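Step one of this worksheet: look at the structure below.
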Amino acid sequence: MSSSPQPLLSRPCGPLKGIITPPGDKSISHRAVMLGGIAEGETTVTGLLEGEDVLCTVAALRAVGAEIKKTGAGTWHIKGGGLEALHASAGALDMGNSGTAARLLIGLLSGQPFTSTFTGDASLCKRPMERIMTPLKQMGATFESTNGRLPLKVTGAAKPKPISYRLPVASAQVKSAILLAGLSAEGITTVIEPAPTRDHSENMLRYFGAHIEIKKTPDGEVIALTGQPQLKGRVIKVPADPSSAAFPLVAALLHPGSQVMLKNVGLNPRRAGLIETLLEMGANIAFANKRDENGEPVADLVIESSKLKGVTVPAARVPSMIDEYPVLAVAATCARGTTKMLGLAELRVKESDRLALMAEGLKRCGVKVEIEGDDLIVHGTGKPPPGGALIGTAMDHRIAMSFLVLGSVAVKPVRIDDGSFITTSFPGFVEVMSGLGMAIAPDPA
């Protein structure tokens, strides 16, 4: 785990050139470890993201009974014994900075007849868990917590009840927590989501052998899982994470003369909001070697620098790009005209209040920006922003990476107070981006 702060300085640089494979998809990596750990038999995972968030999931699954070994770079071997082989851990399960790991594992263990204690770092312990506790209580789990936050104890139901639950707010994490708890229930667990969210859980559950039916209705999408399936170990190739690819993607677009290829990027339609938005802004992005792996669409992205224009991003696009708004805001600072990003309430409860942090950081860098309700409005000039600021990251890896990208295109260097948390999702970020041509170094100030 990260301990001491790592201040970083990002200086203006020239064109970016090169071919890289971004880190493995964090969402898919979490789910691969969890489902491999509860499937019967052996699962082999290649391309696993070996960042701190996923390693917390690995440690937790080991603690509750799965055998997990690293056998090579990004290659992991998992041996599970089925849901009934899980047992209580000897100590608390530390989720580090990962809201995904915490919420999904709380869901999974809510269907197990023992007590588990969850904790995390200071940032994670501020994030709300009531949104998953409410439906999981209906399924029979009981909780002990302070104000619905970590640390918390969950005692799973001996006989979980299948429920039908309509999500108050579209959330892939809440949906996944309910479905994972539903694996232990006898009967059909149903989740109704008001707007489509990332469907990696449904894809992977189906890939491991679960029976899932999905129907579109006037009230939203209905996902029905038949409980107590016999999951079987599988071979999984984890594609590169589109949320991590977003940083070299945007950086390449903003530096004149850049040519960059990002290999093996996952293009799940429910994760493609950023690419859709950038194309609307005039981005030059081509797709090569399109293919399908584990039920997920994948391609290589070929990016050339582009002159972007401001656009309005509808609120309906939020679920498909929830993690990419910080770096989109950076792209908007260099675009010609105003970019309006609508309906960003969910950004207030991520690793930080990303909406407020981005607006404040952009203002410090000389960008004209406003928050109107839950909308972020960035006035681009078509020119590099002034920069020259010190940015407080609030332990948020995506805020840190976004402002390092901004520093590379600004007139003056940008400093961030702590880059240590970048390893949660993008191990080796500084080295990878420096290899493309960015100038990032420890901040001597």
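Taking the alpha-carbon distance from Lys215 and a cut-off under 17 Å, which aspartates and glutamates remain once sequence neighbours fewer than 8 residues away in the same chain are dropped?
Within the straight-line limit of under 17 Å, Lys215 reaches these aspartates and glutamates: Glu193, Asp199, Glu202.
In terms of solvent-accessible area of protein heavy atoms at a 1.4 angstrom probe, what is the ranking of Phe287, Phe421, Phe426, highest value first?
Phe287, Phe421, Phe426
At a 1.4 Å probe, what is the % contribution of carbon and sulfur to the accessible area of region 320-435?
Taking all protein chains in place, region 320-435 shows 54 percent carbon and sulfur surface.
About the Cα centre of the chain, how large is the charge dipole given +1 on each Lys and Arg Cβ and -1 on each Asp and Glu Cβ? Please answer in debye to the nearest 20.
In debye, rounded to 20, the chain gives about 380.
One quarter of the convex hull surface, Cα atoms only: what value does that give for region 178-295 in nm²?
So the mean shadow area of the Cα hull is 9.1 nm².
Calculate the spin-label point distance for Ile285 paired with Lys307, positioning each point 7 Å from the Cα along the beta-carbon direction, and give it in nanometres.
Distance between the two pseudo-spin positions: 2.1 nm.
Just round it to a whole percent: the fraction of Cα-Cα distances in region 25-113 exceeding 21 Å.
When all Cα pairs of region 25-113 are counted, 21 percent exceed 21 Å.
For the chain, build the charge dipole from Cβ charges (+1 Lys, Arg; -1 Asp, Glu) around the Cα centre, then report which of Pro239, Gly99, Ala356 sits farthest towards its positive end.
Value computed over the given set: Ala356.
Report the per residue volume, in Å³, of the convex hull enclosing the C-alpha atoms of the chain.
Hull volume over Cα atoms, normalised by residue count, gives 125 Å³.
About the Cα centre of region 161-225, what is the dipole size in debye to 20, counting +1 per Lys and Arg Cβ and -1 per Asp and Glu Cβ, all else neutral?
60 debye
Can you sort Val54, Val169 by 1.4 Å-probe accessible area, starting with the largest?
Ranked from most to least accessible, the order is Val169, Val54.
Ignoring ligands, DNA and RNA, what percent of the accessible area of region 108-161 is carbon or sulfur (1.4 Å)?
After summing per-atom areas, the C and S share lands at 51 percent.
In nm, what is the difference between 0.36 nm times the number of residues separating Glu42 and Arg11 and their Cα-Cα distance?
6.5 nm
Just to be sure I follow: if Rg is taken over the C-alpha atoms of region 281-433 and Rh is the Kirkwood radius over the same atoms, what is Rg/Rh?
0.96
How large is the accessible surface per residue of the chain, computed with a 1.4 Å probe and reported in Å² as a whole number?
36 Å²
Principal axis lengths of region 40-196 from Cα atoms, whole Å, largest first?
42, 36, 34
Would you give the gap between the C-alpha center of region 288-302 and the C-alpha center of region 325-341, rounded to a whole Å?
27 Å
Report the full-extension gain for the segment Gln230 to Lys216: residue separation times 0.36 nm, less the Cα-Cα distance, to one decimal in nm.
2.4 nm
Determine the percent antiparallel among the DSSP beta bridges restricted to the chain, to the nearest 5.
Looking only at bridges with both residues in the chain, the antiparallel portion is about 75 percent.
So which GluC sites (Glu not before Pro) in region 120-218 pass both tests, a DSSP loop state and at most 15 other Cβ atoms within 10 Å of the Cβ?
Those that pass, being in a loop and sparsely packed, are Glu186.
The values are calculated or read from the model by the stated rules, or taken from the named source; none is laboratory data. Remember, predicted model here, so these are calculated numbers, not experimental data. Note that we place each Cβ from the backbone using ideal geometry, even for glycine, and neighbour counts take in every protein chain shown. Heavy atoms of the whole protein, side chains included, go into the accessibility calculation; ligands, DNA and RNA do not. Shrake-Rupley method; radii C 1.70, N 1.55, O 1.52, S 1.80 Å.
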